[in-house]
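Here the structure is laid out as structure tokens; the discussion comes afterwards.
The values are calculated or read from the model by the stated rules, or taken from the named source; none is laboratory data. These numbers come from a predicted model, not from an experiment. Using ideal geometry, Cβ is built from the backbone for each residue, glycine included, and neighbour counts are taken over all protein chains shown. Please note that ligands, DNA and RNA were not included when accessible areas were found on the heavy atoms of the full protein model with its side chains. Shrake-Rupley method; radii C 1.70, N 1.55, O 1.52, S 1.80 Å.
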Amino acid sequence: MISNKMAERINVQVNREMYSAYLYMAMSARMTEAGYTGIGKWLMVQYHEEMFHAMKFIKYLEEQGASLKLATINVDNLQESSVKDIFERVYAHERGVTASIKEIMDLAVEEKDYATQGFIAWFIDEQIEEERNVRDILQSLEIMGNNQQALYMMNVELGKRGLTAPTDFSIL
Ligand code: MG
């Protein structure tokens, strides 16, 4: 069993992961609408990953005999966002998620909750990857400056990203 405090904290994280999914879905639609269909696809893969993260936390609550409490998910208006705005927002968002994941580890260490420490270690590793991917994209955007042709090529390249997370959550 995990503590009530830990169960509450993991429920907060479920909401944050689902908010991430919602945010990426909105970004994907915005980019696709603007003609950047490859970037839209990249962001949709990101959406699936976030739903997978949420499901991992939900499954963990279930395994630990704790209740799932779903909360309201906020929506963001991204209408005026450019490609650079979007990826800067993604980077800031992922850094916030990393801090949130670390808080769970801090609580698990404080409570000597070894099971949650083991469980959350996967997410700590995952965040290194999440931040790195976006940092690489931001660096490429910096290099290309106002070169529209390079931006179009990057859009095509990002559209090649395949699904990395399972879509059938019943097997988790
Ligand atoms: Mg996530």
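How many percent of Cα pairs in the chain exceed 20 Å? Intermediate results must be reported in sequence, preceding the final value.
Details: 7928 of 14706 pairs.
In whole percent, the long-distance tail amounts to 54.
Over all alpha-carbon pairs in the stretch 86-138, figure out the percentage whose distance exceeds 18 Å. Result for the distance tail: 37 percent. Modelled label positions at Trp122 and Lys102, each set 7 Å beyond Cα in the direction of Cβ, lie 2.3 nm from each other. Distance from the alpha carbon centroid of the stretch 105-139 to that of the stretch 26-89 works out to 18 angstrom.
For Lys160, the lysines whose Cα comes closer than 23 Å to its Cα, not counting residues fewer than 8 places off in the same chain, are Lys41, Lys84. Accessible surface area normalised per residue over the chain is 55 Å², counting heavy atoms of protein chains with a 1.4 Å rolling probe.
Once the gyration tensor of the Cα atoms in the stretch 1-59 is diagonalised, the equivalent ellipsoid follows with semi-axes of 30, 9, 5 Å, ordered largest first. When Glu33, Glu131 are compared by accessible area of protein heavy atoms, the largest-first order is Glu33, Glu131, using a 1.4 Å probe. Under 17 Å of direct C-alpha separation, and excluding same-chain neighbours fewer than eight residues apart, Lys102 reaches these lysines: Lys5, Lys56, Lys112.
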